[in-house]
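The structure appears right after this line, and notes come after that.
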Amino acid sequence: MNNRIPTSLGKPLLSTRFIGLVQKLKFLNKSILKWGGIMRIKSVEAKLYQVPLNGTYTIALGSMTQVEAVIIRIRTESGLTGLGEAMPFPPVTGADAEATLAFVRDLAPALQNYDASELGGIHTIMDKRSAGYSAAKAGVDIALYDILSRRARLPLYRFLGGSNPQVQTDITITIGSTEVMAARAKSFVEQGFRILKIKAGLDPGEDLAHLRAIREAVGPDVELRIDANQGWDEKTTLWALEKMTGLGIVEVEQPLPCWNLEGMRFVRERITQPLMLDESVHSPVDALKAVKTGAGDIINIKLMKCGGIYKAQKINAIAEAAGLSCMVGCMTETRIAITAGAHLAAALPNIKLADLDGFMEIKDEGCARGGFTRNGDILSLGSEPGLGVNVDFDAL
């Protein structure tokens, strides 16, 4: 019996299409082995960006007329690009902009050839280099999430599991004269803001005068939050809130120094308003300590403070498991970081509040465009994949 493969014109009758497919699969397999996936990091770049403000921004921790950001661009072998922002504020994040820039540039070679999806491994590398530099880590983290959601062809909030692209934000009234603060409050309400965050903490008597004038200026229906930025002690906090009875204060944020969790618990047990932790919680470990102490009702998560979206989700999970809600806050940031915070707030149901007004303090809104539109106090995220933010990085 003849078992030879039938031939035609001296060649086997095996499909040339099948042979071509096998060759393509071999080439693809070699490419995967060579590159380790299409999101392998090719470069990490960072530039310092001077951000002028509209005026003087004053809180209990200090005053400023401009800030410095570090804008980060991460590119992959396949051409995917992610944008991130590190906006350090030394009283909170520790490092200044120059040190933040140096950290990112020193980190860059260690991240090359990592896959952008290896978030846990990349955060481990960053944490091993330093326990600080949270803003630098946040900038790298934001750029990685931009890449991942671009690769998935989803807006970041949907990549994180969300469905509603709209976020309501408050607006901050920084410390100034009573007349100026009341006028700013009234102007913002006329622009459509329904929640005002009033900065305090320098002088409790003046804080009380500011609150009274603001309430008179905006009427009874606007919600007022007060943020003392660690400027009070236990006695002052209880005195001030008693005097503010009837002014409709809906939340009290970080009245005591960040280390004083026992004091925060003491205050919490004696006031009727929810007590919010900000500077007391930088990390998931801090969140667990605060929960165990019973130091607050709400945790203010800031990407610059905790190191980015990856760890922000861990803080939120700890809070949610303990029955606490969260707010996403911000520094004075450009649209890159503000958009990242808005995507996070839109994605996680336990994040009930947002304080994402920092971009409004920046003159001409800085270097970034897109990401969201604002109608009154509603930020509406776009449908573009990733953050949806545009920056001419090469022109910075």
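Classification of the stretch 105-156 by its C-alpha gyration tensor yields a prolate form. The axis ratio a/c (a ≥ b ≥ c) is 1.5 or more, and a/b outweighs b/c.
Coupling constants for the stretch 373-386 follow from the phi torsions by the Karplus curve (6.51 cos²θ - 1.76 cosθ + 1.60, θ = phi - 60°), and in residue order they are 10, 10, 10, x, 9, 9, 9, 10, 6, x, 9, 5, x, x Hz; glycine and proline get x. Gain on full extension, evaluated as 0.36 nm per residue between K289 and L53 minus their Cα-Cα distance, stands at 81.4 nm.
What is the sum of charges, Lys and Arg at +1 and Asp and Glu at -1, for the other residues whose Cβ falls under 13 Å from the Cβ of A346? Mind showing how you got there, number by number?
Numbers: positive: R158, K352; negative: none.
Summing Lys and Arg as +1 and Asp and Glu as -1 gives +2.
When a/c reaches 1.5 or more, the comparison of a/b and b/c decides; with that in mind, is the stretch 157-395 rounded, prolate or oblate per its Cα gyration tensor? Verdict is oblate for the stretch 157-395.
Pairs of Lys residues in the stretch 128-263, spaced 8 or more positions apart or belonging to different chains, with C-alpha separations under 19 angstrom: 7 in total. If I take R0 = 35 Å and measure r between the Cβ atoms of N113 and Q168 in this structure, what FRET efficiency does the formula 1/(1 + (r/R0)^6) give, to the nearest 0.05? Efficiency at R0 = 35 Å is approximately 0.25.
The alpha-carbon of K314 sits under 15 angstrom from the alpha-carbons of these aspartates and glutamates, leaving out residues fewer than 8 places away in its chain: D141, D286.
Compared with the alpha-carbon gap, the fully stretched path from T65 to R194 is longer by 43.8 nm at 0.36 nm per residue.
For S325, the amide hydrogen comes within under 5 Å of the amide hydrogens of I299, counting only partners 5 or more places away or on other chains and with H modelled in the peptide plane. For the pair R212 and K243 in one chain, pulling the backbone fully straight at 0.36 nm per residue adds 10.2 nm over the alpha carbon distance. In the stretch 41-153, the alpha-carbon atoms span a convex hull of 107 Å³ per residue.
Using the Cβ-Cβ distance between D392 and S187 with R0 = 30 Å, the FRET efficiency computed as 1/(1 + (r/R0)^6) comes to roughly 0.40. Annotation for A102 and S380: the two label points, set 7 Å from Cα along the Cα-Cβ direction, are 4.6 nm apart.
Bear in mind these aren't lab numbers, they're just calculated from the coordinates by the rules spelled out. Every value quoted in this text rests on a predicted model; they were computed, and no experiment measured them. Cβ atoms come from the backbone with ideal geometry, glycine included; neighbour counts cover every protein chain shown.
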